[in-house]
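Here's the structure, in structure tokens; my notes come after.
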Amino acid sequence: MATRRIVVGMSGASGAIYGIRLLQVLKNTPDIETHFVMTPPAGQTIAMETDFTPRQVAALADVSYKINDIAAALSSGSYPFESMIVVPCSMKTAAAIAWGFDDNLLTRAADVTLKERRRLVVAPRETPLHLGHLRTLTQLAEIGAIVAPLMPGFYSRPESVGDLVDHSVGRLLDLLQIEPPAGMLKRWTGPKSEEDAESDEAPSEAEETPSYS
């Protein structure tokens, strides 16, 4: 099977663990070659939010690039790669990609991905969103990007932060058309029983309400 070349970008939004976990999974996925670029704010966020150093994160990729190396291979449409994902994606980086402001290698590589009609997944992590943010995300969708906000799913009954991260990363892998590792992503298959499906009945007075702490 031919090697699939995937570009992973990280910018300075909170949620660095999503990008790190994605790189960890891709590192152990056969026939995947990862190319990595991150912004300086991404390095700051990695240091503040995790026990990793930026150097350790970059080492998870097969190839890593300096953010200002605008002459690197990723800057040209003639360099073949399959797809690109930016996770997490700050709203500044999202805006730069949306409006073609290629001021560094990450945004240039994203622009190349779009102009060459390749798959680009942008995973913003920001809330709340003002109208400018919403217009930026609309523009991204209109020019061909897949906008995948980092929103955890709860139908899998997560027991830890790691479970939440894995579920989101598994869904991002779906968007990259890469099968997640076994057990990483619990897919929704519908309610397990008729009782689970009953949602229009009020609980009885004797029924104890669960608490979450």
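The values are calculated or read from the model by the stated rules, or taken from the named source; none is laboratory data. Worth saying up front: this structure is predicted, and the values here are computed from it rather than measured. A quick note on method: Cβ atoms are made from the backbone with ideal geometry, for glycine too, and the neighbour counts reach across all protein chains shown.
For this structure, a couple of remarks:
- Members of segment 1-32 that are touching a Leu at 6+ places or on another chain (Cβ under 8 Å) and modelled with pLDDT under 95: none
- Test: residue in segment 2-22 that is free of Cβ contacts under 8 Å to residues at least 24 places away in the same chain, assigned to a helix (DSSP H, G or I), touching a helix residue (DSSP H, G or I) at 6+ places or on another chain (Cβ under 6 Å) and surrounded by fewer than 22 Cβ atoms within 10 Å (Cβ to Cβ): no
- Condition check for G77: surrounded by fewer than 16 Cβ atoms within 10 Å (Cβ to Cβ), touching an Asp or Glu at 6+ places or on another chain (Cβ under 9 Å) and closer than 18 Å to R135 by Cβ: no
The rows are residues; the columns are (1) without any contact (Cβ under 8 Å) to a residue 12 or more places away in the chain; (2) assigned to a loop (DSSP other than H, G, I, E, B).
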{"site": "T138", "(1), (2)": "yes, no"}
{"site": "M151", "(1), (2)": "no, yes"}
{"site": "S156", "(1), (2)": "no, yes"}
{"site": "E159", "(1), (2)": "yes, yes"}
{"site": "D163", "(1), (2)": "yes, no"}
{"site": "V169", "(1), (2)": "no, no"}
{"site": "L172", "(1), (2)": "no, no"}
{"site": "P180", "(1), (2)": "no, yes"}
{"site": "L185", "(1), (2)": "no, yes"}
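- Annotation: E126 fulfils all but one of (1) touching a residue at least 60 places away in the same chain (Cβ under 8 Å); (2) within 23 Å of T29 (Cα to Cα); the unmet one is (2).
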